[in-house]
Amino acid sequence: MERDRIRYRLIDQLRQLYRSISPRRRRHLRMFLLLQVFTGATEILGLGAIVPFLTALANASEMLSNQALAPYLAYANVTTPSQLIILFATLFAVAVIFTNVMRLTTLRVQMWLSARIGSELSVLLFSKMLHQDYEFHVNNNSSSMISEIVNDLNGTLSIIYNTLTLITQMLVVLFIVSTLLTLNPVAGFIMTILTGGAYFVVMRISKWRLRRNSKTISEGYVLLMKALQEGLGGIRDVLIDGTQKTFVDFYRKGDVPMRLASTDNQFIRMAPRFILEAIGISLLSIVAAFLAWQANDFSQVLPLLGTMALAASRLLPAVQGAFASLAGMHGSQESMLRTLRALSRPIDGEALMPQEAVSYGLKDRLEFKNIWFHYARVKDIEQTDQDWILRDVNLEIPANTTVALVGVTGSGKSTIADIALGLLKPQKGELLVDGHSLHEVDPRAWRATIAHVPQSIFLCDGTFSDNIAFGVPHDKVDMGQVRRAAAMALISEFIEARPSGYNTVVGERGIRLSGGQRQRIGIARALYKRASLIVFDEATSALDNPTEREVMNQIEALSGKVTVLLIAHRMSTVESADLIYEIGDGEVLHSGGYKQLLESSETFRSMVTSVPK
């Protein structure tokens with residue numbers, strides 16, 4: 001509990017965030033700190049320049065006779081009161097202009113640096129997410145992951161900006177207070193204590209509300225993402241079933257608390273300003289009366305009073321800015337906590353290997369040797385025998401043959417395929433590639449020679465060629481290979497009949513295509529890769545029987561050239577397989593050819609007779 005509490009402290013999170021950014025950005029931050037100090041110091045210049053200006057306005061003749069100023073006035077050729085006033089007015093104007101130029105420069109650099117750090121963290125977070133292993137993505141909700149990149153990261157970037165603002169404003173406050181204490185210690189002390197004390201009390205009272213609201217906002221955004229993804233992703237079912245109200249209510253459940261929490265945070269940030277303005281004006285009136293009471297000649301008090309008025313006009317906004325920044329930081333603390341957790345996720349060593357890996361084609365056989373597998377256990381729930389997805393699986397997939405996995409839904413067929421693809425790592429046993437453990441083979445090199453055609457094909461909102469050569473930079477797409485792959489998948493005629501041919505946009509997730517057309521593009525994608533092993537996971541399930549037969553003829557034509565692993569429910573797709581494994585309850589029940597299994601396995605005969613060809 002103590003470690004969790006310390007980790008939640010804002011200062012500890014800021015330290016961890018600082019360590020997460022690149023050394024180059026850290027150098028930029030240190031340089032920016034120097035700029036902030038210099039900008040804060042210019043406040044002294046502005047306040048210092050108003051004292052002689054107001055003194056000249058109140059009693060120019062006395063200043064002209066001041067022996068300490070005489071050499072400087074003679075050098076500037078100032079001999080009359082009007083010349084004296086013009087001189088100090090000019091100096092004051094120059095000081096104010098220079099101070100504001102420095103403020104503007106600091107603001108510009110601050111925004112630039114915040115954007116650079118934000119972009120760096122955003123890319124790093126997305127990269128880390130993509131480099132997590134497949135099991136991580138299986139066990140985590142995509143809405144939560146999108147929320148991390150969009151909402152939580154924005155909250156973290158808000159903290160970065162607010163932190164830089166807080167430092168700038170606190171330096172401004174420090175230099176203004178130092179000037180006030182120098183001019184009049186009593187009045188400066190009273191103004192500092194009342195202003196700083198008021199904001200300190202407000203922050204102590206509101207900090208817990210800001211943290212609570214931060215958590216509400218973060219959790220609410222996850223619910224919004226979930227409602228949007230499920231409602232829009234399943235729009236056909238929503239429209240058919242008339243369940244719009246269900247998803248709208250679910251959306252509202254996350255949206256209303258999130259908006260109210262955001263509004264509450266905004267109110268906490270802004271409210272002290274109005275209170276302190278009233279206190280500040282009243283305080284300035286009291287100080288003016290006090291100084292007038294102390295002095296015999298009010299003209300002697302006027303420069304000091306004017307300086308304090310100018311200081312107050314800068315001090316109150318600076319203190320309010322510092323408070324608003326600190327409140328914003330506490331209000332986004334939950335987002336930063338989630339971002340830091342995401343950034344601290346370890347990456348498997350294989351993800352750090354060079355992306356351009358040399359393909360490792362299967363030459364002899366792929367062997368499952370005593371494979372046991374289960375998904376990551378849920379915290380505080382003990383693992384039992386029933387949790388094993390695969391139990392002591394032993395099978396071989398000879399190179400350049402067609403091997404089929406059959407069995408009822410949930411028997412473990414797709415898990416075997418995912419292990420063969422190198423996406424999942426078994427807890428026990430080994431996956432051998434040509435007699436070598438997959439750990440001894442560069443995993444990227446292995447995956448570079450594997451293709452996968454799943455039941456549901458993901459299509460990006462791009463062209464046909466983009467989707468067939470998925471993930472390949474546009475300038476590196478081999479259009480000749482795209483056309484050959486499309487022809488083999490029996491989708492080329494359809495594509496080439498479009499006005500823009502292979503440059504036709506398919507729509508988000510291929511919404512403008514039929515299920516069979518999407519499936520054939522997925523097959524073309526696998527064939528484009530020139531893989532030595534292609535896994536077809538119910539790849540023809542969306543096709544009608546004649547089209548399925550045509551596609552299977554093309555797949556069978558690969559026999560002897562490519563290793564094919566078929567996962568099927570339709571028994572017609574496995575008749576020509578060289579070897580069939582019947583999987584049941586995570587184990588290999590029977591193996592052999594199609595006719596052999598018909599004779600030896602009652603369950604296989606039942607599947608053949610019960611599942612339509």
Straight-line reach check, K363, cutoff 28 Å on alpha carbons, 8 or more apart in-chain or any other chain, hits among lysines -> K413, K425, K428, K476, K529, K561, K595
Descending packing, highest mean Cβ count within 10 Å first, for 424-433, 69-78 is 424-433, 69-78
Sorting N370, I21, L276 by the position of each Cα along the dipole of the chain (Lys, Arg +1; Asp, Glu -1; all at Cβ), the one nearest the positive end of that ordering is L276
Put in order of increasing Cβ neighbours within 10 Å, starting from the fewest, S282, S20 give S282, S20
Nearest-0.05 FRET efficiency for L239 and N370 at R0 = 35 Å, using Cβ-Cβ distance, is 0.10
Expressed in angstrom and rounded, the centroid-to-centroid distance over alpha carbons for segment 228-282 and segment 106-126 is 26
So the angle from the long Cα axis of helix 185-233 to the longest Cα principal axis of the chain, reported in degrees to the nearest 10, equals 20
Ordered by fewest other Cβ atoms within 10 Å, a rough proxy for footprinting exposure, D387, D152, D264 read D387, D264, D152
Amide H neighbours of L405 at under 5 Å, excluding residues fewer than 5 places away on the same chain, with H built from the backbone geometry, are L566, I567, A568, Y581
Taking every DSSP bridge whose two residues both lie in the chain, the antiparallel percent to the nearest 5 is 55
The ³J(HN,Hα) series, computed from each phi in segment 453-467 with the Karplus coefficients 6.51, -1.76 and 1.60 at θ = phi - 60°, rounded to the nearest Hz and given as x for glycine or proline, is 10, x, 5, 10, 8, 8, 10, 7, 7, x, 7, 4, 5, 4, 7
Here the relative contact order (percent) of the chain, from C-alpha pairs under 8 Å and at least 6 apart, is 14
Quick calc, the chain, dipole around Cα centre from Cβ unit charges on Lys, Arg (+) and Asp, Glu (-), nearest 20 debye, gives 1980
Ordered by fewest other Cβ atoms within 10 Å, a rough proxy for footprinting exposure, W208, W446 read W208, W446
Percent of all Cα-Cα pairs per 5 Å bin for segment 115-209, counting from 0 up to the last occupied bin, reads 3, 10, 13, 14, 12, 10, 9, 8, 7, 5, 4, 3, 1, 0
Listed by chain and number, the residues whose amide H is under 5 Å from that of K428, excluding neighbours fewer than 5 places away on the same chain and using placed H, are W372
Non-local residues with an amide H under 5 Å from the amide H of V472, with H modelled 1.01 Å from N and Pro and chain starts lacking one, are none
Burial-style ranking of 389-396, 518-525, 159-166, average other-beta-carbon count within 10 Å with highest first, yields 518-525, 159-166, 389-396
P(r) of segment 2-343 over all Cα-Cα pairs, 20 Å bins starting at 0, rounded to whole percent, reads 24, 44, 23, 8, 1
Summing -39500 (n - 2.57) over every DSSP H run of at least 4 residues in the chain and dividing by its residue count gives a helix-only mean residue ellipticity at 222 nm, to the nearest 500 deg cm²/dmol, of -21000 deg cm²/dmol
In degrees, nearest 10, the alpha-carbon axis of helix 244-294 is tilted away from the dominant principal axis of the alpha carbons of the chain by 10
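Quick note: the coordinates plus some simple rules give every number you see, no bench work behind them. Because the structure is a prediction, the values reported are computed rather than measured. Counting neighbours? That spans all protein chains shown, and the Cβs are built from the backbone with ideal geometry, glycine included.
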